[in-house]
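Student: Mind having a look at this structure? Questions to follow.
The values are calculated or read from the model by the stated rules, or taken from the named source; none is laboratory data. Note that the structure is predicted; figures quoted are calculated from it, not measured. Please note: Cβ atoms are built from the backbone with ideal geometry, for glycine as well, and neighbour counts cover all protein chains shown.
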Amino acid sequence: MSEHAELVWHNGEILPYESIAIGLGNQSLNYGLCVIEGISVWPSPSRAYQIFRLREHLDRFAASCALVGVGLPWTTDRLMAACHEAVAANGLWRAYLRPLAVLGEGVLGLARAGSVADVAILLYDTSRFDQAVRGREVRLTTSSVIRSSPRAVPAKAKVSAGYLNSRLALMDAQDRGFDDAVLLDEDGYVAECSVQNLFAVRGRTVLVPESAAALDGITVACAAELAGHLGLTVSRRRLGLDELLGCDAVCVTSTAAGVRPVSGIDETAFDVGNEVIAALRDAYDRAERGLLPAFAHWNAEPGTTSTTASDVAPGSLPGPVPGRAPEVAPVSPP
Ligand code: PMP
């Protein structure tokens, strides 16, 4: 995903990428204090383009800044407009937006808590990434690297320092021929992968691992909400590795790569053709592209600033996943 677009939104202006420089003494660069987000832009069936779950991503951006003491000088509404300005300036309707909050030069040492950040919004052309990665099955391995303790590094903050942990796990997995790693938390429960969450399916139940050491992924939350509407049972709880390996199917989830089936974890193979994951992947792919009218509020079109949830009638998806009715009542609609 290396093809950044030419124009960047930077502290309220649209500027050429090359004109924005960061000094070597930059505090975010030196101390891992760069807060980031990753947001998908899709062509819209009606209005040029749409941005998926824009408000939710920018709320997480603000929350991440607050958690690590990075002062964010813009409101979420203004940053929503800024994302639209970055997309419109570049005229790229299928893209990945990367908001960044970067501290300045300051003096040597950690910046004061609350120091105000520069904010930039980059845009990446994802066409090559989409072709190579979207929809592809992944093979995972259990990592010997554990997810950092949330008592040491706040896992709910999407901040560059946290990616050292991801990087070490990913290097270990790739060195051993796998696509990604499953990281356990300090208590031995399933947390997430290096830059993706995961969920599992057993029968008609979707199991979403709950771990204080995992990022609160927006994709996995969407998949869980769609699962409820598809008449599936959603169970969010701590998940042991043995229980994960005993499931019928597993998916990894992220904004960049969507919902992808896992073919195996180490020696354990999973059913990549499982009908529950097929239905969930289909629903998510369509919601992301604005093709599920009942979930249109998940997409922000040009000129709109709201992606607040509205009531979605049960059954507004194409229909429940075929098969036996769930034994436990499905998650209620919002
Ligand atoms: N975990 C980590 C550590 C990540 O970096 C990401 C990507 N943002 C995810 C999970 C998936 O989050 P989302 O679905 O919000 O993209």
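Student: Six or more apart or on different chains, Cβ atoms under 9 Å: show the pairs whose first residue is in region 155-177 and under 20 Å from Q27 (Cβ atoms) and whose second is polar (S, T, N, Q) and near the ligand (Cβ under 10 Å from one of its atoms).
Tutor: Y163/S194
Student: Among V119, V102, V107, which is the only one that is β-branched (V, I, T) and touching an Asp or Glu at 6+ places or on another chain (Cβ under 9 Å)?
Tutor: Answer to the check: V102.
Student: Could you please find all residues in region 1-48 being assigned to a loop (DSSP other than H, G, I, E, B), surrounded by 12 or more Cβ atoms within 10 Å (Cβ to Cβ) and without any contact (Cβ under 8 Å) to a residue 40 or more places away in the chain?
Tutor: Once the filter is applied, which keeps residues that are assigned to a loop (DSSP other than H, G, I, E, B), surrounded by 12 or more Cβ atoms within 10 Å (Cβ to Cβ) and without any contact (Cβ under 8 Å) to a residue 40 or more places away in the chain, region 1-48 yields nothing.
Student: Considering only region 181-198, state which residues are away from the ligand (no atom under 11 Å from the Cβ) and either closer than 30 Å to L103 by Cβ or buried (at least 21 other Cβ atoms within 10 Å of the Cβ) (or both).
Tutor: Selection gives A181, V182, L184, D185, E186, Y189, V190.
Student: Could you count how many residues in region 200-222 are under 20 Å from F270 (Cβ atoms), in contact with a helix residue (DSSP H, G or I) (Cβ under 7 Å, 6 or more places away or on another chain) and within 11 Å of the ligand (Cβ to nearest atom)?
Tutor: Going through region 200-222 one residue at a time, the tally reaches 0.
Student: Next question. Which residues, counting only those in region 137-175, are among the polar types (S, T, N, Q), in a loop (DSSP other than H, G, I, E, B) and more than 14 Å from the ligand (Cβ to nearest atom)?
Tutor: From region 137-175, those among the polar types (S, T, N, Q) are 141-144, 148-149, 160, 165-166, 174; that's our starting set.
Right, trim to in a loop (DSSP other than H, G, I, E, B) and you get 143-144, 148-149.
Passing the criteria: S144, S149.
Student: Write out, first by first residue and then by second, each pair whose Cβ atoms fall under 9 Å of each other, whose residues are 6+ apart or on separate chains, and whose first residue, in region 249-264, is free of Cβ contacts under 8 Å to residues at least 24 places away in the same chain while the second is surrounded by 24 or more Cβ atoms within 10 Å (Cβ to Cβ) and in a loop (DSSP other than H, G, I, E, B).
Tutor: Hits for this filter: zero, empty list.
Student: Test L226 against the criterion of being crowded, with 19+ Cβ neighbours inside 10 Å and either in contact with a strand residue (DSSP E or B) (Cβ under 9 Å, 6 or more places away or on another chain) or part of a loop (DSSP other than H, G, I, E, B) (or both), and give yes or no.
Tutor: No.
Student: What's the total number of residues in region 240-270 that are over 27 Å from R53 (Cα atoms), in a loop (DSSP other than H, G, I, E, B) and in contact with a strand residue (DSSP E or B) (Cβ under 8 Å, 6 or more places away or on another chain)? Lay out the reasoning, then the answer.
Tutor: As a first pass, look at region 240-270 and keep what is over 27 Å from R53 (Cα atoms): 240-248, 263-270.
When the remaining residues are screened for being in a loop (DSSP other than H, G, I, E, B), the result is 246-248, 266-267, 270.
In the following step, the residues that additionally are in contact with a strand residue (DSSP E or B) (Cβ under 8 Å, 6 or more places away or on another chain) were identified as 246-248, 266, 270.
Residues in region 240-270 being over 27 Å from R53 (Cα atoms), in a loop (DSSP other than H, G, I, E, B) and in contact with a strand residue (DSSP E or B) (Cβ under 8 Å, 6 or more places away or on another chain): 5 in total.
Student: While we're here: For region 135-144, check the following and say yes or no: at least one residue is surrounded by 20 or more Cβ atoms within 10 Å (Cβ to Cβ), out of contact with any helix residue (DSSP H, G or I) (no Cβ under 9 Å at 6 or more places or on another chain) and modelled with pLDDT of 95 or more. Show your work before the answer.
Tutor: Residues of region 135-144 that are surrounded by 20 or more Cβ atoms within 10 Å (Cβ to Cβ), as a first pass: 138, 140-141, 143.
Narrowing further to those that are out of contact with any helix residue (DSSP H, G or I) (no Cβ under 9 Å at 6 or more places or on another chain): 138.
Okay, now just the ones that are also modelled with pLDDT of 95 or more, so 138.
Yes - at least one qualifying residue is present in region 135-144.
Student: Another question, then. Looking at region 217-242, I want the residues that are under 16 Å from D282 (Cβ atoms) and have a partner that is more than 16 Å from the ligand (Cβ to nearest atom) and of a type in the set (K, R) with Cβ atoms under 6 Å, at least 6 apart or on another chain. Which pairs are those?
Tutor: L232/R204
Student: Okay, moving on. Scan region 282-304 for residues that are among the β-branched types (V, I, T) and on the phi > 0 side of the Ramachandran plot and report the count.
Tutor: Going residue by residue through region 282-304, those that are among the β-branched types (V, I, T) are 304.
Narrowing the set further to residues that are on the phi > 0 side of the Ramachandran plot leaves none.
Residues in region 282-304 being among the β-branched types (V, I, T) and on the phi > 0 side of the Ramachandran plot: 0 in total.
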